[in-house]
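Enquirer: Mind having a look at this structure? Questions to follow.
We did not get these values from a lab; they are worked out from the coordinates using the rules stated. These numbers come from a predicted model, not from an experiment. Cβ sites come from the backbone with ideal geometry, for glycine too, and all protein chains shown count toward neighbours.
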Amino acid sequence: MGRPEIAGDADEWSIRLAALATLGQYDALTFIIDGAARRKGYNVVDVPADDATRAAVEETRRSGATVQTQTTIRLADDRVATAAMIAPLVATAAVAGVLVALRVGRSFAAADALIASEVSELISLELAREAVVARDEAHRRQAFALYELARLSLFGERLVETLQDVTVLLTSALDHDLAQVWLFEPDGALELSAARPLENLRFEQMNAFEHDALAQALHQQRIVRVGQGALRPWVPAETRELIVVPLTDRARSLGVLVLGRVRQRYAETDEDLAGVLGRFISRLVVKATLDREIAERSEPAAAPDADREWADEPQLTRN
């Protein structure tokens, strides 16, 4: 029999859990991470949801003890598990949760609690390793994004096109589903200068002080996080959470950077990074504005030189 092909993370976990289920003599095996929708399992259809198993899971979360209970959970192979053992995952800075082991027609003994503890340790170590890999990958993407922002601020020629490149960068290299840059117009209105995605935009110009989140960010010059229940008609309705970052040149307000996610929530580290992004974009806007003003001031000076060149040419006269 050939070795199984591993196409991705789901296949890797399927193989790991199948091996651990064999080690523990389980008919099915899964784990539940606190505060996360993610679930991996072997021979399970869904998260165990019967009352007895839910109560045992809550008891393990509360006390940290290994608990066993009777259950009636249908497995992926159409058999029905009759016994469940719930053990805590080894809590780390990366994850916390529980292991759920299931058997069909057989109960668990006291010795099984020791085996479940060892299986839990192996799963916890693998989850911690995954978290380190994911963190390193996130740091690499952040470094790339900051490098690209620095490059755009140095070599970007047209402000609107450069800001559009920035929003594409923020939604592709970083974990944002939405990025918008709003800049103040001379009349005091905020105008949408760049956005990603471009679809379903309800506003392209607005009074910032008619919207609490924007007003707070601009008036207090601080980052504001906005949840889904708040009124924020300038972004798509499905956006779960926003970060509003003030763009400033010293004490002068330039506008705001708006970042959004549809599924995940933001963490404190995301706010810190958003502040760094806001400073980069502020410098980009200031530099582009200065470059444009310098170019506009230099244009009239070119006209006398051109006139002198024509004056030196022989004049054509009509006979």
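Enquirer: Towards the positive end of the charge dipole of the range 114-174, with charges on Cβ (+1 Lys, Arg; -1 Asp, Glu), say which of ALA143, VAL160, SER124 has the farthest Cα.
Expert: Most positive-ward Cα: VAL160.
Enquirer: What dipole magnitude, in Debye to the nearest 20, does the range 52-103 give about its Cα centre under +1 on Lys/Arg Cβ and -1 on Asp/Glu Cβ?
Expert: Working: 6 positive and 4 negative charges, 10 e Å.
The dipole magnitude comes to about 40 debye.
Enquirer: About the Cα centre of the range 209-267, how large is the charge dipole given +1 on each Lys and Arg Cβ and -1 on each Asp and Glu Cβ? Please answer in debye to the nearest 20.
Expert: Values: 9 positive and 5 negative charges, 50 e Å.
The dipole magnitude comes to about 240 debye.
Enquirer: Dipole magnitude of the chain about its Cα centre, charges +1 at Lys/Arg Cβ and -1 at Asp/Glu Cβ only, in debye to the nearest 20?
Expert: 940 debye
Enquirer: Another one. Farthest toward the dipole's positive end in the chain, which of VAL258, LEU89, TRP182, given Cβ charges of +1 (Lys, Arg) and -1 (Asp, Glu) about the Cα centre?
Expert: LEU89
Enquirer: Given (1) 32, 23, 19; (2) 68, 16, 16; (3) 60, 22, 16, which label gives semi-axes √(5λ) of the Cα gyration tensor in Å as computed from the coordinates?
Expert: Correct label is (3).
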